[in-house]
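The values are calculated or read from the model by the stated rules, or taken from the named source; none is laboratory data. As the structure is a computational prediction, the values presented were derived from the model and not from experiment. Note: ideal-geometry Cβ built from the backbone for every residue, glycine included; neighbour counts use all protein chains shown.
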């Protein structure tokens, strides 16, 4: 009995050390900007000095009653408008505009209009694209959404992309249509391209912040988190908007955005494990 008990204790210690090492590896990307924690930059990783503020940020992540995700290069592995443009024969030129928009060097509405004018997709082209190129969901995204739902955390998709292309993504992840904030392509009676709905908040710079503010106002969320990779996602952290901005760099690392994020992660596994083990190892 004594040897069995000792063996169990050893096994538990090994498990504890393995999980702790994994957790710390995931959390070294954390950057606590509002509290001005001391950080050093090593390659493409932001490594903070561990402190009580770290626990505060992790606590906010765990207690969030709503989490909003960007879609392109976050929930999905690609930029939807770039993929559609490539499918329609204008990929390179459109991708250059996308880089400008996500880096924050041009107003989003200007970049959106410019990209669409380069290839003017018809309704039949969009439908053909969706049939031949189904969404590529980022690794771990499905599990993360399930974990959040299990905690009764509401999940939203907030995107500068188009509803026609985001609806299939939401369906895969089990996110209801009313939890989608995105742009809308407009077509004529013959399916010809007419433009996009400029009344959608996500069709212009600062739109994601406006969408998050609307969500909080309607539902009264106390803690809301925004996760994304671009400058438009960072804008969601305005007064009355997101309490926490997590920069997801698993697809694209945009240094100017990462530098202003509260938390920089390269894998959704980091977020999943922090949900599961925070209480054990950090309280």
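Here are some notes:
- Any hit, the range 197-219, residues being over 14 Å from residue 181 (Cβ atoms) and at pLDDT 95 or above: no
Yes/no matrix, rows are residues, columns are (1) part of a loop (DSSP other than H, G, I, E, B); (2) within 27 Å of residue 219 (Cβ to Cβ); (3) at pLDDT below 50; (4) touching a strand residue (DSSP E or B) at 6+ places or on another chain (Cβ under 9 Å):
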position: 34; (1), (2), (3), (4): no, yes, yes, no
position: 41; (1), (2), (3), (4): no, no, yes, yes
position: 46; (1), (2), (3), (4): no, no, yes, yes
position: 53; (1), (2), (3), (4): no, no, no, no
position: 61; (1), (2), (3), (4): no, yes, no, yes
position: 73; (1), (2), (3), (4): no, yes, no, yes
position: 78; (1), (2), (3), (4): yes, no, no, no
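- Count of the range 105-125 residues which are more than 24 Å from residue 254 (Cβ to Cβ) and in contact with a strand residue (DSSP E or B) (Cβ under 7 Å, 6 or more places away or on another chain): 4
- Hits in the range 86-110 - residues which are under 27 Å from residue 142 (Cβ atoms) and either outside any helix (DSSP H, G or I) or modelled with pLDDT of 90 or more (or both): 86, 87
- Within the range 208-241, the set of residues being part of a loop (DSSP other than H, G, I, E, B) and in contact (Cβ under 8 Å) with a residue 24 or more places away in the chain comprises 221, 222, 223, 229, 230, 235, 236, 237, 238, 240, 241.
- Residue among 264, 275, 271, 253 that alone is part of a helix (DSSP H, G or I), touching a residue at least 12 places away in the same chain (Cβ under 8 Å) and in contact with a strand residue (DSSP E or B) (Cβ under 9 Å, 6 or more places away or on another chain): 271
- Test for residue 148: is it in a helix (DSSP H, G or I), surrounded by 14 or more Cβ atoms within 10 Å (Cβ to Cβ) and under 22 Å from the mean Cα position of the chain (by Cα): yes
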